[in-house]
Every structure is written in C-alpha cells, then in structure tokens.
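Single-structure report; data block below.
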Amino acid sequence: MNKFVFSSPGKYVQGAGVISELGAYLAELGNHAFVIADDIVWSLTADQVQSSLKVANVELSYERFEGEASANEIIRLSALAKKAGSNVIVGLGGGKTLDSAKAIADECKLPVAIVPTIASTDAPCSALSVIYSDQGVFESYRFYSKNPDLVFVDTQICAQAPVRLFASGIADGLATFVEAQAVQKSHSQSMVNGSPTIAAMAIAKACEETLLTYGFSACQAVSRKVVTPAVEAVVEANTLLSGLGFENAGLAAAHAIHNGFTAIKGDIHHLTHGEKVAYGTLTQMVLEQRPDEEIAEYIHFYRSINMPTTLKELHLENVSREELIKVGELANSDGDTLKNLNPHLTGEDIANAIVAVDALSQSV
C-alpha cells in the first residue's frame, strides 16, 4: 500500500512585533510556561517575553539552555520542568534550543511553543529533533507523535540577528526541494513515514522559488536590520515552507552530508548548520549528475549570500582523502537519509563528489 502523510504545526504566527502577543497565544495552551533560552537570547528578549506573559496571566519559569541538543541536556531540563509544575514548554532561540524544547515537551507529555529568534533553520515546524552528543557529534533523529502546538515568529527580532545566520537559513531552505525531488524519484519515505504528498512537493517548490527570487534582497535588508516584504517572504520560506517541505517530502543527501562532517575535527565546526548544508546540497547535485548550468546557478546564488562553495571556505582545504571518506561513510550510515538518494553509493563516492564540488566551484 502506498501511504501519503502530511503533518504540520497546530498554529503558525509570523509578523514584525508579534512578540507582544506571545502570552495571549500561550494562554491557549497552558498557564505556566517553562521557557528555555541561552544567555544571549534571554538578555535580548526577556523584558518583552515577561511583559507579554504577565498581561496574559501566564506564569513563567525560565531555565538557561546550555547549548547542545544532547540527551543529557534534555534529561536535565525535563526534570526542572517537572519540578516547576509547568504545563507548557517554550523554546526561545535557535535550532538546538528549539529541538531541545520539543524533546522536553515529549518527555513531560506537555504542549510546546516554538519561538525562533533567528530564521536560520527549518527546525521550528517539524515533529522531530536532531540529537547530538555532548561534544556536538550527530547521533540520531528523534521523532514525535505531533508537531509543535505553536510556532511563533517575530520577524523584527529575526532581522536583528547577524545576516550570516539569516543567509544560513536560506541555504538550509534551498536544500528542501533538491532533497524532496530525490525522495520522490527514489520512491522513498518522508520524515513522517509516508510518500510525499502533492501539497508537500508544491510547498518545497515554492520554498525554492521564494528563496531564489527574494533571498538576496532580503539579506541586504537584514544587513540593515529592517523588515521588508522580501524579508517576510524569506522568513516564511526559511521557517514554514522549508519546515513543512523537508518533513513531508523528505530528506536525502544534503543533510546527511552535513551530518557526515561531524566525523572530522577542525574549524568546519565553527560554521553554521546552513553553511554546511549548502555544500551538502551542491554535493548531492553532483551525485545526481544534475546539469552543469543548474549546479552553477546554485553556486552563484550561494556566493551572493556568502555561503561556502569550496573546501577552503569550509576550512577543509588541507583535509585528507581518508577523512573525506569518513565523512562519506557517516553520511551514508543506516540511521541517516542519504540512501533516499541512492542506496548503492559508497563513502568513497561521496568523498569524490565533495572534491568535485570544490573543483567545479573554482571554475565557474
């Protein structure tokens, strides 16, 4: 039986200044919020969040997020949430904070509200978390029975973040349709254990079209910390369209190669999720034997928003072939999604494609 599945968050809210309404939306889910955020995010948003929750008569318990979406951090925060007696979990910040909040809500069997403060990943809308070791090495995907109850995006806050992070979200989003097409072509399963729906593929395509059309101008606006219609469109694509697209249409090689990079040490780990996914997307396109002009279009666009397209820009110019094969082997592991592209590839095939991207990028 060919089964089609589509999953989405309970409610998605986006706009400049909507943080003042957060309490009203949280009140629909509970009256005692357990909020996690790192020190930087909390210092920037605490006053607005506390004021909003106070107006809505929602009690607040805050706990610092230590920075890694690891099993140990999730266990620690879950215990604190239970001790506080909270009845709704709130993740405030970037991708790892949000993934941890989803896991805490799952542990505590509570609703969860996801409040991204940067538009840098497609994590907010999904019913899964990427789990790492305490040292930041990819371990697994953790899946949930439902998506977040609320995804709440203040674009004015997102526009205050470094433009590098905003551009990284665009690069992450650009993997969506590339990977979705691979999943559909190979008749593989999406992240919600079904075949990609018509809606999922349409959303993934709209994500790509939006980012290629408005991504550059949106980055220019965010570099001046202002919100424009292009910024609103790109935030929606980075967050909602990419989130719904990757989950319901599936992942393939781009994100698996990103995960594969955790097999090696070095300055590459100072790069963002989206910066590494950008290179993974180009590597997938080489493995698929996409037309040269299509790959070149992506390379030129990535350059326009300062995403890495060479091994030097990944801080891997001195990487050994043995290390690249390790990257390929981890990317190709049974617990990841590269086999949705091609189940017959080897670690060496993937290493070859990584090198080929570098050569092609330097020649176009």
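Quick check: anything in the range 296-307 of a type in the set (Val, Ile, Thr), in contact with a helix residue (DSSP H, G or I) (Cβ under 8 Å, 6 or more places away or on another chain) and at negative phi?
yes
Yes or no, residue by residue, for (1) under 30 Å from Ser20 (Cβ atoms); (2) crowded, with 23+ Cβ neighbours inside 10 Å:
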{"position": "Val163", "(1), (2)": "yes, no"}
{"position": "Leu174", "(1), (2)": "no, yes"}
{"position": "Gln189", "(1), (2)": "no, no"}
{"position": "Pro196", "(1), (2)": "no, yes"}
{"position": "Ala199", "(1), (2)": "no, no"}
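In the list Ser190, Ser186, which residue meets the criterion of being among the polar types (S, T, N, Q), more than 28 Å from Ala69 (Cα to Cα) and touching a helix residue (DSSP H, G or I) at 6+ places or on another chain (Cβ under 8 Å)?
The unique qualifying residue is Ser186.
Given the structure, is Glu21 buried (at least 16 other Cβ atoms within 10 Å of the Cβ), of a type outside the set (Lys, Arg), at pLDDT 95 or above and more than 21 Å from Asp149 (Cβ to Cβ)?
no
Which one is nearest to Arg290 (Cα to Cα), of the residues in the range 335-364 that are hydroxyl-bearing (Ser, Thr, Tyr) and surrounded by fewer than 17 Cβ atoms within 10 Å (Cβ to Cβ)?
Of everything passing the filter in the range 335-364, Ser363 is nearest to Arg290 (Cα to Cα).
Among the residues of the range 45-74, which ones are in a helix (DSSP H, G or I), within 22 Å of the chain's Cα centre (by Cα) and not small (Gly, Ala, Ser)?
The answer is Thr45, Asn72, Glu73, Ile74.
Out of the residues in the range 75-103 that are charged (D, E, K, R) and within 22 Å of the chain's Cα centre (by Cα), which is modelled with the highest pLDDT?
Filtering the range 75-103 for residues that are charged (D, E, K, R) and within 22 Å of the chain's Cα centre (by Cα), the one modelled with the highest pLDDT comes out as Lys102.
If I filter the range 178-201 down to residues being hydrophobic (A, V, I, L, M, F, W, C) and either in the same structural domain as Cys125 (by TED's automatic domain parsing) or touching a Gly at 6+ places or on another chain (Cβ under 7 Å) (or both), which single residue comes out as farthest from Glu297 (Cα to Cα)?
Met191
Could you please let me know if His344 is in the same structural domain as Thr272 (by TED's automatic domain parsing), over 27 Å from Glu247 (Cα atoms) and out of contact with any strand residue (DSSP E or B) (no Cβ under 8 Å at 6 or more places or on another chain)?
Taking the combined requirement at face value, the residue does not satisfy it.
Which one of Leu110, Leu92, Leu98 is aliphatic (A, V, I, L, M) and surrounded by fewer than 24 Cβ atoms within 10 Å (Cβ to Cβ)?
Leu110
Would a scan of the range 319-327 turn up a residue that is in a loop (DSSP other than H, G, I, E, B) and out of contact with any helix residue (DSSP H, G or I) (no Cβ under 7 Å at 6 or more places or on another chain)?
Yes, there is a match, as at least one residue in the range 319-327 is in a loop (DSSP other than H, G, I, E, B) and out of contact with any helix residue (DSSP H, G or I) (no Cβ under 7 Å at 6 or more places or on another chain).
Does the range 34-43 contain any residue that is touching a residue at least 12 places away in the same chain (Cβ under 8 Å), aromatic (Phe, Trp, Tyr), assigned to a loop (DSSP other than H, G, I, E, B) and within 18 Å of Pro148 (Cβ to Cβ)?
Of the residues in the range 34-43, the ones touching a residue at least 12 places away in the same chain (Cβ under 8 Å) are 34-39, 41-42.
Retained after the next criterion (residues that are aromatic (Phe, Trp, Tyr)): 34, 42.
From what is left, the residues that are assigned to a loop (DSSP other than H, G, I, E, B) are none.
So far as the range 34-43 goes, no, none of its residues is touching a residue at least 12 places away in the same chain (Cβ under 8 Å), aromatic (Phe, Trp, Tyr), assigned to a loop (DSSP other than H, G, I, E, B) and within 18 Å of Pro148 (Cβ to Cβ).
Quick check on the range 191-230: of everything there that is among the polar types (S, T, N, Q) and modelled with pLDDT of 95 or more, which residue is nearest to the chain's Cα centre (by Cα)? Break it down into steps so the answer makes sense when it comes.
First, pick out the residues of the range 191-230 that are among the polar types (S, T, N, Q): 193, 195, 197, 210, 213, 217, 220, 223, 228.
Within this subset, residues satisfying the condition of being modelled with pLDDT of 95 or more are 195, 197, 210, 213, 217, 220, 223, 228.
On the way: Ser195: 21, Thr197: 21, Thr210: 17, Thr213: 20, Ser217: 21, Gln220: 22, Ser223: 21, Thr228: 23 Å.
Filtering the range 191-230 for residues that are among the polar types (S, T, N, Q) and modelled with pLDDT of 95 or more, the one nearest to the chain's Cα centre (by Cα) comes out as Thr210.
Considering each residue of the range 206-232, count those that are without any contact (Cβ under 8 Å) to a residue 60 or more places away in the chain, more than 15 Å from Ile118 (Cβ to Cβ) and crowded, with 19+ Cβ neighbours inside 10 Å, and give that number.
The qualifying residues number 6.
Could you list, in sequence order, the residues of the range 317-327 that are in contact (Cβ under 8 Å) with a residue 24 or more places away in the chain, farther than 16 Å from Thr281 by Cβ and not basic (Lys, Arg)?
The answer is Val319, Glu323, Leu324, Ile325.
Please work out which residue is nearest to Leu271 (Cα to Cα), limiting yourself to the range 113-146 and to residues that are crowded, with 24+ Cβ neighbours inside 10 Å and out of contact with any Leu (no Cβ under 7 Å at 6 or more places or on another chain).
Thr121
Scan the range 51-65 and report the pairs whose first residue is farther than 21 Å from Thr97 by Cβ and whose second residue is assigned to a loop (DSSP other than H, G, I, E, B) and small (Gly, Ala, Ser), with Cβ atoms within less than 6 Å and a gap of 6+ or a chain change.
Ala56/Ala27
Under the condition of being at pLDDT below 95 and small (Gly, Ala, Ser), which residue from the range 244-273 is surrounded by the most Cβ atoms within 10 Å (Cβ to Cβ)?
If we take residues in the range 244-273 being at pLDDT below 95 and small (Gly, Ala, Ser), then Ala263 is surrounded by the most Cβ atoms within 10 Å (Cβ to Cβ).
The values are calculated or read from the model by the stated rules, or taken from the named source; none is laboratory data. None of these values were measured; they are calculated from a predicted model. Note: ideal-geometry Cβ built from the backbone for every residue, glycine included; neighbour counts use all protein chains shown.
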